[in-house]
Every structure is written in structure tokens, then in C-alpha cells.
1. Does K122 qualify as being at pLDDT 95 or above, in contact with a Leu (Cβ under 9 Å, 6 or more places away or on another chain) and over 22 Å from A241 (Cβ atoms)?
2. With a cut-off of at least 1 residues that are under 22 Å from R114 (Cα atoms), modelled with pLDDT of 90 or more and among the hydrophobic types (A, V, I, L, M, F, W, C), name the helices (runs of 4 or more DSSP H) lying wholly within the range 1-84.
3. Which residue out of M112, M116 is over 22 Å from Q194 (Cβ atoms), assigned to a helix (DSSP H, G or I), of a type in the set (A, V, I, L, M, F, W, C) and at pLDDT 85 or above?
4. Tell me, please, whether a residue that is part of a helix (DSSP H, G or I), under 19 Å from A224 (Cα atoms) and in contact with a helix residue (DSSP H, G or I) (Cβ under 7 Å, 6 or more places away or on another chain) can be found in the range 86-105.
Amino acid sequence: MKEPAGKTYSLTESGKYYEYIAEQVDKLCLHKYDLQSLDKLLAERIANDLPFAGNHEAFEAMFAPISEEIAAVFTPQLPAFLKALPPEHQDNETFTISERGYHLRMLHIEVMNRVMRHDFHKAKNKVVILPHCLRDFREEVCQFKPGDVDYVCRGCTEECYINQTGSWLSQYPEYHLYIAVERDLEKVFELARQRYEDTALLGVACVPELYQGMRLARKMGIPAQGVLLNYNRCQRWMGVAHFTSFNLKQLQMIVDPDF
């Protein structure tokens with residue numbers, strides 16, 4: 001069955017998204033930037049929505065074909081979405097990210113994963129936060145309930161991505177799974193830090209929200225790792241809720257590098 005398309009991106013068309021992004025970051029690091037300087041450069045350019053100019057013209061020349069490839073394979077629907085942006089979204093920074101901004105964020109998520117991975121694995125506890133759009137949407141099936149950090153899974157159905165993830169994570173007692181319902185991420189992250197000593201975060205979300213979450217965690221001094229949803233199809237993007245999915249293997253490789 002053909003995977004459904006997201007509103008702004010879909011990572012399942014070729015199945016090679018993570019390999020492609022990792023290869024591009026490797027190439028950029030081999031050029032003239034170490035991982036830390038690349039991290040700083042991407043953060044600055046994304047924050048100010050600036051092109052790479054002056055001393056960074058060579059980097060821009062490398063980034064342009066990467067952006068073109070991402071646009072052709074993973075985000076071909078993004079220009080149409082931005083062009084037809086409904087009035088209620090036009091002042092919302094989550095929805096108004098430019099095509100260039102999307103591609104820079106995709107690269108920077110991979111860079112931040114690498115930069116924070118050592119500290120993430122050093123942490124005594126890891127709080128995993130999955131979006132509620134991964135739940136089993138069949139009426140009256142999902143019985144998730146409030147927990148001490150955010151909502152918790154009750155293992156209702158085997159088909160549910162959240163239940164599948166929780167079942168696999170049960171072999172790692174230092175990992176604690178929650179379902180993201182609370183919109184105030186700073187509150188959730190602070191609750192996680194209060195609940196668990198020496199905490200790191202592992203999140204799954206769409207491109208804009210994963211980027212925001214990882215940046216916030218880092219600002220709060222909490223090492224984080226992130227995995228993208230395969231597509232953004234929740235009610236915020238589509239108007240009505242549709243199921244989503246993510247690459248569980250990618251999460252498993254973060255949890256256990258030998259997986």
C-alpha cells in the first residue's frame with residue numbers, strides 16, 4: 001500500500017531519508033566545518049533566515065544541490081502548501097517556514113543528534129516523548145491516561161506505533177515513555193527533569209516541532225535526540241486528524257547503536 005503524503009513533507013517515498021541526510025552532513029563536515037562549527041553556523045542561519053554569504057559562499061554552493069534534492073524527493077508538496085497557506089496559519093512560525101528553512105532544519109536535526117549523542121547516552125534516565133498522532137485512532141480503542149510527565153500508554157492494541165515502541169523499550173529500564181498531549185514543551189521537559197534524576201530526552205515529531213523541541217531541550221541543558229515523523233498529517237496540518245507513522249528502526253538505533 002502506498003504511504004500517504006504529508007502536508008509539507010513525506011520521508012517514505014524512497015525509504016532512504018536518514019541515510020541521505022547523514023551522507024550530506026558527512027560531506028559538509030569534510031569540506032571545511034567540524035561538527036561544532038557546522039552546528040553553530042546552521043543555528044545562526046536558521047534563526048535569522050539568512051543565506052550563506054561572505055565567508056560561507058562555498059558552503060552555500062554545497063548546500064544548494066542538497067536543498068534541490070530534498071525538495072525533489074522529500075518535500076515536493078511544500079511550495080504548494082506555503083502558497084495556499086490559510087489565514088489562520090499565516091502568522092504562525094510553525095507553518096510559515098520557508099522551503100530553504102525546512103531543508104536547513106532537516107540537516108541541523110541530524111547535526112544536533114550527533115553533537116548531543118554522547119551526553120544523551122551518559123544520562124541515567126531517558127524520557128521518550130511520542131506525539132499522540134501515533135495512537136490507534138479507531139474509536140474507543142486507545143485508552144491512554146494522564147501520567148506524571150505527560151500521558152502514558154496502556155498497551156491497548158498491537159497495531160499502535162506507541163504500543164510497539166513501548167513494548168520494545170521495555171528491555172531498557174532507563175527509558176520512560178510518554179505521549180505528548182501537553183502543548184507547553186518547557187513544562188513537560190521540566191516535569192521530566194524533576195521526575196527523573198539525570199535526564200535526557202528522545203522525541204518524535206514533525207520537522208518544525210522536532211526542531212523547536214530539540215533547541216528548547218538544549219537551551220534547558222537537557223541532551224536530546226530526535227526522530228522525524230514520516231509525514232505531518234495531524235489535525236494541525238490537515239484540518240482533521242489522520243494517522244501518522246515514524247521509522248522505529250531509527251529510534252532503535254539511537255537507543256542501541258549496536259541494534
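The values are calculated or read from the model by the stated rules, or taken from the named source; none is laboratory data. Given the structure is predicted, the values throughout are model-derived calculations rather than measurements. When we count neighbours, we look across all protein chains shown, and the Cβ atoms used for this are built from the backbone with ideal geometry, even at glycine.
1. So K122 fails the test.
2. Where helices (runs of 4 or more DSSP H) fall fully within the range 1-84 and carry at least 1 residues being under 22 Å from R114 (Cα atoms), modelled with pLDDT of 90 or more and among the hydrophobic types (A, V, I, L, M, F, W, C), they are 17-31, 35-48, 57-73.
3. Residue meeting the stated conditions: M112.
4. Within the range 86-105, one or more residues are part of a helix (DSSP H, G or I), under 19 Å from A224 (Cα atoms) and in contact with a helix residue (DSSP H, G or I) (Cβ under 7 Å, 6 or more places away or on another chain).
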